[in-house]
Amino acid sequence: MVGELKMRQIVKTFGPVTALRNVTFCARPGTVHALCGENGAGKSTLMKVLAGVYQPDAGEIVIDGQKRVFASPKQALEAGISMLYQELDLAEHLTVYENIFLGRELRYKIPLMIDRAGMISQTRQACRKYGFEIDPEATIQSLTPGQCQIVELLKALMKNARIIVMDEPTSSLSEGEAEQLFCVVNQLRKLRLTIIYISHRMEEVKKLADDISVLRDGEVAAGGTSAEMDIPTVLRHMVGRELKDYYPARQSNPGPVLFEARHLTGRGIRDVSFSVREGEIVGMAGLVGAGRTETARAIFGIDRPQTGQIWLGGKRVRIRHPAKAIRKGIAYLTEDRKRTGLCTILPCSWNMTLPNYPRIGMRLLLKLRKERTLCEAYGSKVSVKWTSPDTAADCLSGGNQQKLLIGRWLMAQSRFLIFDEPTRGIDVGAKKEVYQLLNELVGEGKGILMISSELPELFGVCDRILVMRRGRLVGDLATRETSPEQVMHLAAVEE
């Protein structure tokens, strides 16, 4: 049967750490099989074994009844296995068809020239076959995140993939783009392809999956059909306990105004004004392109606004670059921690102290003992799990990377913190820990601006919700006095 996958008794170790312990995983052809688990549970490691990135220490892979051994990703790809990673692997300056045929370009026989017309034609045919509305000659940098996901899918489908692994495919998509992707997944299921779907978003898992498997600590904790496993059951198996009080309760008692933006106008924003009080978490909602991240970048000095003022602690401050924002006590945790937040190949300690050298007296000379002591103290404060501060940042799970960044800004003694999609791509247990950290920060009198694409998260955590549309602030709503429907109406509907 085409696309039938069985992974039996898979074991994978990295030095003294056992990442996978006798994992057996099976996926039926023509189904969507959701793979769930906390960060560090072994999901990505198992799929990288399937994709030939890692070789198992024990166990076997059987596809369509035939035992297979993949020494490289190329061999797995030739066997019809394609893995779509959370961080898309596209060359932004190239066109859609150039990305799809990269490394396997069509050529004329005489002379040996690239057959651009042939590649464009084949890409158009594939788009028509699968119902994708993508211009083959458009550059990747001109596409939306949702369209980029479709390009990655096209790359896999045009290489005759039978088994497609999708790792957090909606993490950077708007609600509308996610719905389009769901339609694509359902279409691929009708074509009898096998889809392995990794996601921390339980609602979309239940919406798409035929079968669900849960990994915990490198072992299979549970498995069954979607009908047999409701969301509370999946969450319980993921964390090994009942997950009550998902959004930690706190007493909201805002103090005086800490931060104020007045009439900010600049790249992607127009006349944006709002305030945040001490001890207050203010959410910011809006569709992709609404201007939420652009507002954060303007406040932090990444993009200099054309007009407007920023006030902090009752005094006007002029932020011309991020270093000035840091000195004034403003922090910005970016939405893409791997590309614009962390230097992942560097130790955790360096990642935590890099923007803090002047504050901790390391302008000219490194003080490694002091640095290590500070990192251990702030790492403990945010409960980051690492072997030591010398561990490379890319060895941490997504949730621990996020806590590492939070520790960085605590070390900076920041008073006003901007969190842009702080729980993107992290599991439910880590999310709860991040929410608890936010509560502790505002309990110390700090102010937080939290940007999120997940409305339940904003309603569960924030005191107020600001709504952005087309670069303008169109709503400032108290959480207890509004509804998700009202927020979405303001975000999506022109009055």
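The values are calculated or read from the model by the stated rules, or taken from the named source; none is laboratory data. If you're wondering where the values come from, they're calculated on a predicted model, not measured in any experiment. No Cβ is skipped: glycine too gets one built from the backbone with ideal geometry, and neighbour counts run over all protein chains shown.
Residues checked against (1) under 27 Å from residue 175 (Cβ atoms); (2) touching a residue at least 60 places away in the same chain (Cβ under 8 Å); (3) in contact with a Pro (Cβ under 9 Å, 6 or more places away or on another chain):
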site	(1), (2), (3)
251	no, no, no
256	no, no, no
277	no, yes, yes
280	yes, yes, yes
304	no, no, no
309	no, no, no
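Results for (1) among the polar types (S, T, N, Q); (2) surrounded by 19 or more Cβ atoms within 10 Å (Cβ to Cβ); (3) touching a helix residue (DSSP H, G or I) at 6+ places or on another chain (Cβ under 6 Å); (4) touching a residue at least 40 places away in the same chain (Cβ under 8 Å), shown as yes or no for each residue.
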position: 373; (1), (2), (3), (4): yes, no, no, no
position: 377; (1), (2), (3), (4): no, no, no, no
position: 381; (1), (2), (3), (4): no, no, no, no
position: 389; (1), (2), (3), (4): no, yes, yes, yes
position: 393; (1), (2), (3), (4): no, yes, yes, yes
position: 396; (1), (2), (3), (4): no, yes, no, yes
position: 399; (1), (2), (3), (4): no, yes, yes, yes
position: 403; (1), (2), (3), (4): no, yes, no, no
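Name the residues in the stretch 94-136 that are under 18 Å from residue 152 (Cβ atoms) and among the charged types (D, E, K, R), would you?
98, 104, 124, 129, 133, 135
Output yes when any residue across the stretch 77-86 is among the small types (Gly, Ala, Ser), part of a loop (DSSP other than H, G, I, E, B) and on the phi > 0 side of the Ramachandran plot, and no when none is.
Yes; the residues of the stretch 77-86 include at least one that is among the small types (Gly, Ala, Ser), part of a loop (DSSP other than H, G, I, E, B) and on the phi > 0 side of the Ramachandran plot.
Please state which of the following conditions residue 405 fails to meet, knowing it meets all the rest: (1) closer than 12 Å to residue 382 by Cα; (2) part of a loop (DSSP other than H, G, I, E, B).
(2)
Only one of these is among the small types (Gly, Ala, Ser), within 15 Å of residue 418 (Cα to Cα) and in the same structural domain as residue 390 (by TED's automatic domain parsing): 286, 314, 279. Name it. Steps first, answer last, please.
Values: 286 fails: within 15 Å of residue 418 (Cα to Cα); 314 fails: within 15 Å of residue 418 (Cα to Cα).
Criteria check complete, one pass: 279.
Scan the stretch 102-121 for residues that are over 35 Å from the mean Cα position of the chain (by Cα) and of a type in the set (Gly, Ala, Ser) and jot them down.
Those that are over 35 Å from the mean Cα position of the chain (by Cα) and of a type in the set (Gly, Ala, Ser): 117, 118.
Just give me the residues in the stretch 405-427 being crowded, with 22+ Cβ neighbours inside 10 Å, closer than 24 Å to residue 215 by Cα and not polar (S, T, N, Q), in sequence order.
Scanning the stretch 405-427 gives 422, 425, 426, 427.
For the stretch 198-243, enumerate the residues that are surrounded by 17 or more Cβ atoms within 10 Å (Cβ to Cβ), in a strand (DSSP E or B) and touching a Lys or Arg at 6+ places or on another chain (Cβ under 8 Å).
198, 211, 215
Please specify each residue of the stretch 88-129 satisfying the condition of being among the hydroxyl-bearing types (Ser, Thr, Tyr) and closer than 30 Å to residue 339 by Cα.
Within the stretch 88-129, the first condition is being among the hydroxyl-bearing types (Ser, Thr, Tyr), and the residues that meet it are 95, 97, 108, 121, 123.
Selection gives 95, 97, 123.
Among the residues of the stretch 63-87, which ones are aliphatic (A, V, I, L, M) and surrounded by fewer than 16 Cβ atoms within 10 Å (Cβ to Cβ)? Please lay out each step first, then the result.
Within the stretch 63-87, the first condition is being aliphatic (A, V, I, L, M), and the residues that meet it are 63, 69, 71, 76-77, 79, 81, 83-84.
Matches in the stretch 63-87: 69, 71.
Which condition breaks for residue 194 when tested against (1) over 27 Å from residue 466 (Cα atoms); (2) loosely packed, with under 14 Cβ neighbours inside 10 Å?
(2)
Give the stretch 459-495 a look and list any residue that's modelled with pLDDT of 90 or more and either farther than 17 Å from residue 251 by Cβ or outside the structural domain of residue 287 (by TED's automatic domain parsing) (or both), or say none.
Passing the criteria: 465, 466, 467, 468, 471, 472, 473, 474, 475, 476, 477.
How many residues, within the stretch 1-37, are of a type outside the set (Ser, Thr, Tyr), under 15 Å from residue 216 (Cα atoms) and touching a Lys or Arg at 6+ places or on another chain (Cβ under 7 Å)?
Number satisfying all stated conditions: 5.
Can you pull out the strands (runs of 3 or more DSSP E) entirely within the stretch 270-336 that have at least 2 residues that are surrounded by fewer than 21 Cβ atoms within 10 Å (Cβ to Cβ) and touching a Lys or Arg at 6+ places or on another chain (Cβ under 8 Å)?
In the stretch 270-336, the matching strands (runs of 3 or more DSSP E) lie at 307-312.
Here's a check for you: in the stretch 448-484, which residue that is touching a Pro at 6+ places or on another chain (Cβ under 8 Å) and in a helix (DSSP H, G or I) is nearest to residue 285 (Cα to Cα)?
Result: 455.
Say whether the condition of being at pLDDT 90 or above and not small (Gly, Ala, Ser) is met by at least one residue in the stretch 395-416.
yes
So residue 389 clears everything in (1) out of contact with any Asp or Glu (no Cβ under 7 Å at 6 or more places or on another chain); (2) closer than 21 Å to residue 358 by Cβ except one condition, right? Which one?
Failed condition: (1).
Among 428, 442, which is assigned by TED's automatic domain parsing to the domain that holds residue 277, hydrophobic (A, V, I, L, M, F, W, C) and under 18 Å from residue 199 (Cα atoms)?
Criteria check complete, one pass: 428.
Please indicate, with yes or no, whether at least one residue in the stretch 207-227 is touching a helix residue (DSSP H, G or I) at 6+ places or on another chain (Cβ under 6 Å), more than 29 Å from residue 27 (Cβ to Cβ) and of a type in the set (A, V, I, L, M).
no
Is it true that residue 371 is in a helix (DSSP H, G or I), assigned by TED's automatic domain parsing to the domain that holds residue 453 and at pLDDT 90 or above?
no
Does residue 448 satisfy the condition of being surrounded by 24 or more Cβ atoms within 10 Å (Cβ to Cβ), in contact (Cβ under 8 Å) with a residue 24 or more places away in the chain and under 19 Å from the mean Cα position of the chain (by Cα)?
no
In contact (Cβ under 8 Å) with a residue 40 or more places away in the chain, β-branched (Val, Ile, Thr) and either over 16 Å from residue 277 (Cα atoms) or crowded, with 22+ Cβ neighbours inside 10 Å (or both): is that true of residue 474 in this structure?
So residue 474 fails the test.
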